[in-house]
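The values are calculated or read from the model by the stated rules, or taken from the named source; none is laboratory data. Note that the structure is a prediction, hence the values are computed from the model and not measured. Because the Cβ atoms are built from the backbone with ideal geometry, glycine has one as well, and the counts that use them run over all protein chains shown. Ligands, DNA and RNA are stripped out before the accessible areas are found, and what is left, the full protein with its side chains, is counted by its heavy atoms. Shrake-Rupley method; radii C 1.70, N 1.55, O 1.52, S 1.80 Å.
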Amino acid sequence: DGCGHTVLGPESGTLASINYPQTSPNSTVCEWEIRVKPGQRVQLKFGDFDIDDSDSCHSSYLRVHNGIGSTRTEIGKYCGFGFQMDGLITSKSNEVTVQFMSGTHTSGRGFLAAYSTTDKSDLITCLDNASHFSEPEFNKYCPAGCVIPFADISGTIPHGYRDSSSLCMAGVHAGVVSNTLGGQINVVISKGIPYYEGSLANNVTSKVGPLSTSLFTFKTSGCYGTLGMESGVVPDSQITASSILEWSDQTGQVNIWKPENARLKRIGPPWAAFISDEHQWLQIDLNKEKKITGIITTGSTLAEYYYYVSAYRILYSDDAQKWTVYREPGTDKDKVKIPQTFNTELYQEVRNNFIPPIIARFFRINPLKWHQKIAMKVELLGCQFSIGRAPKITMPPPPQNKNDNKNDDFSDDFIHLVKTSLQTDKTTFTPEIKNTTVTPSVTKDVALAAVLVPVLVMVFTTLILILVCAWHWRNR
């Protein structure tokens, strides 16, 4: 019962004592069992450590073990107020047990730590901010689980974040790393600005911030442009929906909230469904496969109609027939976005990013939660996708089993893996390429002529010079 904030990802994670950063309660215990892939090792880094050591680590301590279970061996036992460990605690295998004991005490925040595999040598914790590093540009690894309730950020993209903001939490807000997986960030420090706007993105709310001496931004691939909803590049005919809200007001005027009204920042009503249930959807045809990195949504934007969607599911397809549900990497659950409620601000835009990106032509939003009625405006973020950049992957068909219905799931998971991966470890064999052009015939006569012609020219030139010289000599 002594476990606090915990996110254990496949390559990294974050763990904290209960009530952190407040004083942890007396007489509690927690054990975390951390496993990474076989052949890898685990490294642990403290972001904060403040455990009462009044009894010399007898009843209040943090203990780290190699392995899990009865065969585990101790790496170290730690306690003390303001305990400092600049280095990393490294395991001997792919399994680690972390045990926190809290005895009788009156103060002490407990601890916050991050772990990753040892190949992430530039691991930082969720508490690190830009002011901790002096370089104008740097590259760090953020662990999973940095959306923590006791930290905050100020700023937004593309303007930048206040330098006192948590680097990794800002990375999740910006959409450059996933909170469930962690990831690498590339940070650029520059001069501060007098005002930082707040926004809601990826379930992280950035606050309005005052003047600061410096700010930081993230280097990205640049694939975060808009895909044509607001600009009109996507024509009306390519925006469809399951149903359309149509009604007459008191003056007798017919109001139709059509799918093409679902363009972000467009003045007027949004798209709204005729029936508000979990079977409704809004579909966007991008005309060809695109790389989709995010989505921005808002409510009706009309103050007299307080409608908005607060949670939805994403589906995508290449042919609008067979649909794949976007899932959080490493989980079996559908990727459901749950933005915070809009409160009294109907115009608030909420951004959610897809990590990894979606590669698809057809994109469908399936609302799951809403206020009063299903109504929304949308913009998709991303860029062009070139099929030729990645080799085509072939796989043998899965084994047939009449009593096993998992083959379809296997195919869906494999298609999802191919569509959301930019690089592959294995490719198919290189096909034999035959030259279909006609090669001109080159004979020995051509080669002989190439030698004789220059020689004959030189001989004739020499004879002419001799005759000219002889004629001049005779006249003299």
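Numbers below:
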read-out	value
Residue 97 being in contact (Cβ under 8 Å) with a residue 12 or more places away in the chain, open to solvent by 10 Å² or more (accessible area, probe 1.4 Å) and among the hydroxyl-bearing types (Ser, Thr, Tyr)	no
Set 73, 118: member being of a type in the set (Val, Ile, Thr) and either touching a residue at least 24 places away in the same chain (Cβ under 8 Å) or assigned by the TED database to the domain that holds residue 206 (or both)	118
Pairs, first at positive phi in the stretch 22-36, second surrounded by 14 or more Cβ atoms within 10 Å (Cβ to Cβ) and not in a strand (DSSP E or B), C-beta under 7 Å, six or more apart	27/103
Search result, residues across the stretch 228-240 that are touching a Lys or Arg at 6+ places or on another chain (Cβ under 6 Å) and open to solvent by 20 Å² or more (accessible area, probe 1.4 Å)	230
Search result, residues across the stretch 207-226 that are open to solvent by less than 20 Å² (accessible area, probe 1.4 Å) and in a loop (DSSP other than H, G, I, E, B)	212, 223
One residue from 129, 139 being open to solvent by 10 Å² or more (accessible area, probe 1.4 Å) and touching a helix residue (DSSP H, G or I) at 6+ places or on another chain (Cβ under 8 Å)	129
Among (1) part of a strand (DSSP E or B); (2) touching a residue at least 60 places away in the same chain (Cβ under 8 Å); (3) in contact with a Ser or Thr (Cβ under 8 Å, 6 or more places away or on another chain); (4) not small (Gly, Ala, Ser), the one test that residue 315 misses	(2)
Residue 285 closer than 12 Å to residue 361 by Cα, open to solvent by 60 Å² or more (accessible area, probe 1.4 Å) and touching a helix residue (DSSP H, G or I) at 6+ places or on another chain (Cβ under 9 Å)	no
Conditions (1) within 23 Å of the chain's Cα centre (by Cα); (2) within 13 Å of residue 109 (Cβ to Cβ): number failed by residue 15	(2)
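This table checks each residue for (1) assigned to a strand (DSSP E or B); (2) under 28 Å from residue 172 (Cβ atoms); (3) assigned by the TED database to the domain that holds residue 199; (4) in contact (Cβ under 8 Å) with a residue 24 or more places away in the chain.
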| site | (1), (2), (3), (4) |
| --- | --- |
| 246 | yes, no, no, yes |
| 256 | yes, no, no, no |
| 274 | no, no, no, yes |
| 280 | no, no, no, yes |
| 293 | yes, yes, no, yes |
| 297 | yes, yes, no, yes |
| 305 | no, no, no, yes |
